[in-house]
Amino acid sequence: MTVPAALEQYYRRLEARFLVTESGNYSALVTPNGNHLEPVHRWFHFKEAFSHRLLERVLKDEQARNATRALRLYDPFTGSGTSAVSAGQLVQSGAIDKAYFHGAECNPFLHLLSSAKLAALQSPPSDFLTFAGGIAAVAVKAGSSALDVPALSTFHNSDYFQQAHVQRLMALRNAFKREAAVAEPTTRLLAASCLASSVEPASNLRRDGRTLRYSPAKVPADPVVSFLASAERIQEDLSRVPTSIQGGVTLTDVRENLEATPERMDVALFSPPYPNNIDYTEVYKLELWALGLINSDSEFAAQRRRSLRSHGSLRWQDEYSYMHGPHASEVEKLLQPVLDAIPNNDRYTNARRQLVMGYADDMLQVVSKVARSLRPGGLMACVVGNSLHGKPSHQLLIAADLIIAALAELAGMEVTRIEVARRPVRRRTPSDFLRESVVFARVRS
């Protein structure tokens, strides 16, 4: 497998601008190691999350807390809420006195999930399990009545779902809507999370991080049983007293509003989609449709187009904000060697050009928003993976960590280091740039 020598040489020159470290301290922290055993984090398996221990390590290494032992934390890609919950648990442990969290998430299901976790820390309900049991009882009582099923074709495919399980899911959804109408907001969010956790287990599909794959050997679970198991986990994990963490998660695309956050933050810890051709709207479509967060093909198509331009499964408009901004020439100079490495005689040529330019365009907006939102001296820690595209004879390697570091400089930050966390061996290549890293930068004082 070969990456063009000219591209390798370009990345080496670009990398020489930054301090690059490989301490080993982050190798187990950029993936969700141990999250499935941790209270609150374990409520939904989110393969794209980082470890619940990452925030603590960043604070320790970078001395990012302020003098009052409070923490103002920003995450523009909140996902399943790992950063928010980690901050709350640092408060619970006494490592910090209090926290304020500001998050943004454009996927309605992930917004719901992260909001549920944060709300549970802020105002834990006293007897959630009884409420969830009532929903399950109403769903069971509905029996085998024929219920409306989401229009998504996956729910109508007998290879993927037994229709009895789909009907059971819909009975749960209807019971949830009925019971949740009079419930407290936190209780509603938690019950919706339980419903979401029941969807994939009821199918012959398995989410592997890249897509939903048909798994004929899988034994589907009864949705009501899965729902109650999720409710029991939540009840076990709920604190008896509120945690001193304020703030919330906004359902928004971070690129829609580039103004600073309402409060200037101490730390921005986040992991954007990597430029690896994964469409996460597709990956979590079952939950979106099952919860009624998406109800039509047009809504689903619009949601897909709200995602970061990190994949080539859509054809985007050739429109790039950086071309009309103050850093147009610097961004063009940054990207040109990467664009030059894309083969011109291949059906993916245009899609890969759009991926490189669109991803850089989006990430310049993201890091600019982060820079505006941090206090002077505030810290950005961005977890990102580099990606490999193309045929073995001619591969395009997108060094997202170096590109984001260069963009952070254009946004007014000083890159303090790039910490190489791990080097995946799934796709072997002689290139040192196929890696997952944490890009650290600070707003200049």
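The values are calculated or read from the model by the stated rules, or taken from the named source; none is laboratory data. This is a predicted model, so every value here is computed, not measured. With ideal geometry, Cβ positions are generated from the backbone for all residues, glycine too; neighbour counts draw on all protein chains shown. Quick note on the areas: whole protein, heavy atoms, side chains included, nothing else; ligands and nucleic acids left out. Shrake-Rupley method; radii C 1.70, N 1.55, O 1.52, S 1.80 Å.
Details
- Residue list for segment 228-269, filter: of a type in the set (A, V, I, L, M, F, W, C) and either on the phi > 0 side of the Ramachandran plot or in contact with a strand residue (DSSP E or B) (Cβ under 9 Å, 6 or more places away or on another chain) (or both): Ile245, Val249, Leu251, Val254, Ala260, Met265, Val267, Ala268, Leu269
- Some residue of segment 152-162 being over 16 Å from Pro223 (Cβ atoms), modelled with pLDDT of 95 or more and of a type in the set (Asp, Glu): yes
- Matching entry among Ser296, Ser226 (being among the polar types (S, T, N, Q), under 29 Å from Pro150 (Cβ atoms) and loosely packed, with under 15 Cβ neighbours inside 10 Å): Ser296
- Filter result (under 24 Å from Asn257 (Cα atoms) and open to solvent by 10 Å² or more (accessible area, probe 1.4 Å)) within segment 370-402: Ala371, Arg372, Arg375, Pro376, Gly377
- All told, Arg13 meets the bar of being closer than 17 Å to Asp401 by Cβ, surrounded by fewer than 21 Cβ atoms within 10 Å (Cβ to Cβ) and of a type outside the set (S, T, N, Q).
- Condition check for Gln317: of a type in the set (S, T, N, Q) and modelled with pLDDT of 95 or more: no
- Which numbered condition Glu8 misses (of (1) surrounded by 23 or more Cβ atoms within 10 Å (Cβ to Cβ); (2) farther than 29 Å from Leu286 by Cβ; (3) not hydrophobic (A, V, I, L, M, F, W, C)): (1)
- Failed criterion for Leu190 (all others in (1) at pLDDT 95 or above; (2) part of a helix (DSSP H, G or I); (3) farther than 14 Å from Ala116 by Cβ; (4) not basic (Lys, Arg) hold): (3)
- Some residue of segment 98-121 being assigned to a helix (DSSP H, G or I) and farther than 20 Å from Tyr74 by Cα: no
- Test: residue in segment 339-350 that is surrounded by fewer than 21 Cβ atoms within 10 Å (Cβ to Cβ), of a type in the set (A, V, I, L, M), within 17 Å of Phe433 (Cβ to Cβ) and out of contact with any Phe, Trp or Tyr (no Cβ under 8 Å at 6 or more places or on another chain): yes
- Flag for Gly24 being of a type in the set (Gly, Ala, Ser) and surrounded by fewer than 16 Cβ atoms within 10 Å (Cβ to Cβ): yes
- Residue match in segment 80-88 (condition: out of contact with any strand residue (DSSP E or B) (no Cβ under 6 Å at 6 or more places or on another chain), open to solvent by 20 Å² or more (accessible area, probe 1.4 Å) and either outside any strand (DSSP E or B) or touching a residue at least 12 places away in the same chain (Cβ under 8 Å) (or both)): no
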